[in-house]
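Chemist: Have a look at this one before I ask anything.
The values are calculated or read from the model by the stated rules, or taken from the named source; none is laboratory data. Note that this is a predicted model, so its numbers are computed, not measured. Reconstructed Cβ throughout: ideal geometry from the backbone, glycine too, with neighbour counts over all protein chains shown. These area figures cover heavy atoms from the full protein model, side chains too; ligands, DNA and RNA do not enter into them. Shrake-Rupley method; radii C 1.70, N 1.55, O 1.52, S 1.80 Å.
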Amino acid sequence: MAALQAEVARRRTLAIISHPDAGKTTLTEKLLLYGGALQMAGAVRAKKGQRATTSDWMELEKQRGISISSTVLQFDYDGYRVNLLDTPGHKDFSEDTYRVLTAVDAAVMVVDGGKGIESQTRKLFEVCALRGVPIFTFMNKFDRPAKDPLELLDELERVLGIGACAMNWPLGDGSAFKGVYDRATRQLHLFEKVPSGMYVTPTETTGLDDPQVREQLGDALFDKVRGEIEMIEGAGHAFDPQAVLAGKQTPVFFGSGVNNFGVQLLLDNFLRYSSPPTPRRSGERVVHPTDEPFSAFVFKIQANMDPMHRDRIAFARIVSGRFERDMQVLHAQSRKKVRLSSAHKLFGRDREIVDEAVAGDVIGIVGGTEYGIGDTLTTDPTLAFQEIPRFAPERFALLHNPQTSKFKQFREGLRQLLQEGVVQAFELEHSAAKVPLLAAVGELQFEVLQHRLQSEYNAESRLEPKPWTVARWWRVRPGAESKPVVWPTGSALATDPEGGRVVLIEEAWQLEYFRERHPHVELAVEPFAFLERRQQA
Ligand code: G4P
C-alpha cells in the first residue's frame, strides 16, 4: 500500500495544448530532453516533419501509424514520472484531441507570444475549463517580436475568462530579449546567444532595486521592466496554488522553446504545483488513485489502417490501483472477464510490454474489439466510470450506402465503428429516410470512417456533407413549456443515441441571435446528463 502511494504521488499526467505552429512539438521535444529521453525527442521532431507532408491516403496511413506510437510519452525527471499525452492537432484535429483531455490531470497551454490566443487553443482551453483541468501557460517565442506582456496577460483573462499570474517576467523581446526575471526566487535568468548554442545564467539578485539588475539590463530596459513588474505586483493576481488546481488561475511562464529558454522554470514549477493523479467518480462513489482495486477507462481507440498490420489498440488511463501483466479484469460494459496479457507502452515501432503501471499511467491494450470509448476495466465489479463526454460537433454529413447488396457489411461496419467512437451519429427528427447523420469535430473523422468501412468491412459509402456548423443540446426550462420556440432558418432538430435532443445550426451568429430571443431555452455543448453528473461531482 505504501509503495503504491509513493508511486502514485510521483506521477504527473499532462497534455500540451496549442494552436498549430505555436511551438507544441518544440516544447515536447525539450521536455523530453530534460527527462533524458533523447531518442524520443528526435522522433517527436521527425513525426512533425512527416505530418507536414501528409496529403494522400498512403501518407495518412503512415501518419496514423505514427500517431499510435506517440500517444503517450513517459519520462522521469527529478524523481517524478511524467506521462505526456499527445493531443493530435493540425489536420488530424478530431474528437480524439478532446478525449485525450479527459485522461489528463493538467494541461500546458503554449501560446505564440507574437500572436496571442488563437482559435484552436481557445477550443482546447474550453474543453479543459469545462472539466476544471488546471492549466499552465507557456508564452513562447519571446526571442521574436512579441506582443506586450501585460497585454498578453490581459488577453488570457479576457478571452479565456481565467485569472493569469505571471510567474516570471520577460526582459524585452525579439532581438532585444535578455531573459526572464523569476519572481519567486528573484533570480535573473539571462539569455545569451552564443555560436555554440544557448547559455542560461541564473543570477541571484536581492530584488528589482539590485544595482546588478540595472547594470545587466541597461537603464532603459531596466526601467521598463521594473515599471511592468511593479504594476503586476500591485494590480495583478497573487499566485494562488489552490486556484490553479481548481482551474481558476493559470500561472504564466515566458520563454523561448526553440532556444530551450524558460522551459526548465516551466517544468520545475509545473511539477511542484500540479497535482498527482486525481480521484474520479463512479456514480455516487469517489475512486481514489491509491484505492487498491485496479480501475481504468478507455479514452482513445486507435486502429492501424495498414492492412498488413491490422490491429486495434485501446488506450486506457488507470484511475486507481496497480496494473500487473496478465491480470484478469472485468470489462464493465459487457460484464465479461478479460485478461490483460497484451498491454503495451508504445513508442516508435517498438512496443514495450508493460509489466506494471499505476494510477496516472496509460496502457495500450492490443486487440479487444469489444472495447468502446469510455469503457471501464476494473477488478472491482461495482465500478463503472462515465468519463468520456460527447463534444459538440462542427461537421455533419449523411452517410449513404451505394451498394444495396452490401447492406449487411455496411450496417455491421458502421455499428462497430460508432461503438468505437470514430464519429458520432444522430438521428434527424422528422426525417423519413433511415440515413444516419454523422457528426464530428474534425473532417478527418469522416475520412477515417469511410476508409475503415471500405478496408475492414468491404463496404463502400458515400458522404453527403450538410451545412451545419454548430450543435447544441437543448431543453426548455421548467415552467416555460408553453412559450414558443422559433428555430433559426436552415436549422434542424436531431436526437443523440441516448435520446438527448440537439439543434443543428448553420452559422454561429444564428446561435447567438437565437439565444438572445429564447432565454427560456437552455443550450449546452454536451448532453445535460453529463453536465448534471459533473455538477454533482
Ligand atoms: P507546433 O507543434 O505547435 O505546430 O509547433 P512547432 O513546435 O513545430 O513550432 C513551429 C515553428 O515555430 C517551428 O519553426 C519552430 O522551430 C518555431 N519555434 C518554436 N518555438 C520557437 C521559439 O521560441 N522561437 C522561435 N523563433 N521559433 C520557435 P519551423 O520553421 O516551422 O520549423 P523548424 O524548421 O524550425 O523545425
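Chemist: Please give the number of the condition residue 286 fails out of (1) in a strand (DSSP E or B); (2) touching a strand residue (DSSP E or B) at 6+ places or on another chain (Cβ under 7 Å).
Modeler: Failed condition: (2).
Chemist: Of (1) touching a strand residue (DSSP E or B) at 6+ places or on another chain (Cβ under 9 Å); (2) at pLDDT below 95, residue 409 satisfies all except one. Which?
Modeler: (1)
Chemist: Moving on. Within the range 385-417, work out how many residues are in contact with a Leu (Cβ under 9 Å, 6 or more places away or on another chain) and either assigned by TED's automatic domain parsing to the domain that holds residue 447 or more than 26 Å from residue 331 (Cα to Cα) (or both).
Modeler: So the count comes out to 13.
Chemist: Find the residue count for the range 245-267, including only residues that are more than 16 Å from the ligand (Cβ to nearest atom) and closer than 22 Å to residue 151 by Cβ.
Modeler: We begin by selecting, within the range 245-267, every residue more than 16 Å from the ligand (Cβ to nearest atom); these are 245-251.
Imposing the further condition that a residue be closer than 22 Å to residue 151 by Cβ reduces the set to 248-251.
Here the count works out to 4.
Chemist: Does residue 23 count as at pLDDT 90 or above, farther than 23 Å from residue 315 by Cβ and either touching a strand residue (DSSP E or B) at 6+ places or on another chain (Cβ under 8 Å) or surrounded by fewer than 21 Cβ atoms within 10 Å (Cβ to Cβ) (or both)? Even if it seems obvious, please write down each step before you answer.
Modeler: Values: at pLDDT 90 or above: yes; farther than 23 Å from residue 315 by Cβ: yes; either touching a strand residue (DSSP E or B) at 6+ places or on another chain (Cβ under 8 Å) or surrounded by fewer than 21 Cβ atoms within 10 Å (Cβ to Cβ) (or both): yes.
Yes.
Chemist: From (1) open to solvent by less than 10 Å² (accessible area, probe 1.4 Å); (2) within 16 Å of the ligand (Cβ to nearest atom), pick out the condition that doesn't hold for residue 169.
Modeler: The single condition residue 169 does not satisfy is (2).
Chemist: From (1) of a type outside the set (Phe, Trp, Tyr); (2) assigned to a helix (DSSP H, G or I); (3) open to solvent by 40 Å² or more (accessible area, probe 1.4 Å); (4) closer than 18 Å to residue 228 by Cα, pick out the condition that doesn't hold for residue 145.
Modeler: With respect to (1) of a type outside the set (Phe, Trp, Tyr); (2) assigned to a helix (DSSP H, G or I); (3) open to solvent by 40 Å² or more (accessible area, probe 1.4 Å); (4) closer than 18 Å to residue 228 by Cα, residue 145 is out only on (2).
Chemist: With the requirement that a residue be open to solvent by less than 50 Å² (accessible area, probe 1.4 Å) and more than 28 Å from the chain's Cα centre (by Cα), what does the range 414-434 give you? Quick ask: steps written out before the conclusion?
Modeler: Restricting attention to the range 414-434, the residues satisfying the condition of being open to solvent by less than 50 Å² (accessible area, probe 1.4 Å) are 414, 416-417, 420-426, 428-429.
Residues satisfying the conditions are 428, 429.
Chemist: Of all strands (runs of 3 or more DSSP E) completely enclosed by the range 414-500, which ones contain at least 1 residues that are more than 21 Å from residue 95 (Cβ to Cβ)?
Modeler: Values: elements: 424-428, 437-440, 462-466, 470-476, 492-495.
Once the strands (runs of 3 or more DSSP E) in the range 414-500 are filtered for at least 1 residues that are more than 21 Å from residue 95 (Cβ to Cβ), what remains is 462-466, 470-476, 492-495.
Chemist: Just to be sure before I move on: is residue 252 touching a residue at least 24 places away in the same chain (Cβ under 8 Å), open to solvent by less than 10 Å² (accessible area, probe 1.4 Å) and either part of a helix (DSSP H, G or I) or out of contact with any strand residue (DSSP E or B) (no Cβ under 9 Å at 6 or more places or on another chain) (or both) in the structure I sent? Don't jump to the end; show me each part of the working.
Modeler: On the way: touching a residue at least 24 places away in the same chain (Cβ under 8 Å): yes; open to solvent by less than 10 Å² (accessible area, probe 1.4 Å): yes; either part of a helix (DSSP H, G or I) or out of contact with any strand residue (DSSP E or B) (no Cβ under 9 Å at 6 or more places or on another chain) (or both): no.
Judged against the criteria, residue 252 is not a match.
Chemist: Okay, next question. Could you please tell me which pairs satisfy a Cβ distance under 8 Å, a separation of 6+ or placement on different chains, a first residue in the range 156-178 that is assigned by TED's automatic domain parsing to the domain that holds residue 135 and under 19 Å from residue 117 (Cα atoms), and a second residue that is small (Gly, Ala, Ser) and in a helix (DSSP H, G or I)?
Modeler: Within 8 Å, the pairs are 160/129; 161/129; 162/129; 163/243.
Chemist: I've got another one for you. Suppose we filter 238, 296, 314 for residues that are open to solvent by 60 Å² or more (accessible area, probe 1.4 Å) and either not in a helix (DSSP H, G or I) or not small (Gly, Ala, Ser) (or both); which single one remains?
Modeler: Numbers: 296 fails: open to solvent by 60 Å² or more (accessible area, probe 1.4 Å); 314 fails: open to solvent by 60 Å² or more (accessible area, probe 1.4 Å).
None of the other options fit; the residue is 238.
Chemist: Check off (1) small (Gly, Ala, Ser); (2) closer than 18 Å to residue 28 by Cα; (3) assigned to a loop (DSSP other than H, G, I, E, B) for residue 132 and give me the number that stays unchecked.
Modeler: The one condition residue 132 does not meet is (2).
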